[in-house]
Amino acid sequence: PDDLTVGRYARAWYKRRVNSGRYSPLTLKDDELQVRKIEDLWGDTLLQNLTLKKVSDEYDKLLSSKKATKSTLHKLNAALSLIMDEAVANGLIGANPCGYVKAPRPKAKERKALSDEQALELAVALRTEEQTGNTVAVWIALATGMRRGEILGLVWRNVDFERKRIVIAPVEQPAAPADA
């Protein structure tokens, strides 16, 4: 439709992601945050009127006013680009205006795994800690190498005590009401 705004389309995109059941709660929480920013910045802009210049100008304004970091803009641009890619795929716009945006890339944080000695030291320290959800999550991460989002998305049916396995599977979302 010719009157479809970026804000309305971004919100619908988010709802489709929630209803798909393919994304972890952490991913969806971040998606929600990005969609709110998109609504604030370009919510009333017609989908077909969002241009490379409008997007770039807004990023420049946010950076120069220190209202956003490079990392924040990188995440925002990634979400906006996904939304616009879908709009192109649906035939709503001819091209993704984010395709040529020079969104600043944050410096990659150096990640360093624990050494064997550090992992053993952590395991020994955990043995004396009270068994809480946090300590269990650290035990699971230490034993399996699972990431935080994977651990937080675990449900009982993904834990096989007989075979001593944990299955990483998409989080199932409740079905949307029929009248939605």
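Evaluate 2.2 N^0.38 Å with N set to the residue count of the chain, then give the Cα radius of gyration divided by it.
Taking the Cα Rg and dividing by 2.2 N^0.38 Å, one obtains 1.32.
For residue 67, give me every one of the lysines with a C-alpha distance below 29 angstrom, ignoring sequence neighbours fewer than eight places off in its own chain.
Reachable lysines: 15, 29, 37, 53, 54, 75, 102, 107, 109.
Got a number for carbon plus sulfur as a percent of the stretch 24-132's accessible area, 1.4 Å probe?
Ligands and nucleic acids excluded, carbon and sulfur give 52 percent.
In percent, what relative contact order does the chain have, based on Cα pairs under 8 Å that are 6 or more apart in sequence?
Here the relative contact order equals 26 percent.
Modelled label-to-label distance, residue 22 and residue 125, 7 Å Cα→beta-carbon offset: nm?
The two pseudo-label positions are separated by 3.9 nm.
Starting from 0.36 nm per residue, how many nanometres of slack lie between residue 40 and residue 148 once their C-alpha separation is accounted for?
Result for the pair: 35.9 nm of gain on full extension.
Could you do me a favour and compute the accessible area per residue for the stretch 64-160, 1.4 Å probe, result in Å²?
Using a 1.4 Å probe on heavy atoms only, each residue of the stretch 64-160 averages 75 Å².
The values are calculated or read from the model by the stated rules, or taken from the named source; none is laboratory data. Computed from a prediction, not measured in an experiment: that's the story for all the values here. Neighbour counts run over all protein chains shown; Cβ positions are idealised from the backbone, glycine included. In case anyone asks, the SASA skips ligands and DNA or RNA and just uses the protein heavy atoms, side chains included. Shrake-Rupley method; radii C 1.70, N 1.55, O 1.52, S 1.80 Å.
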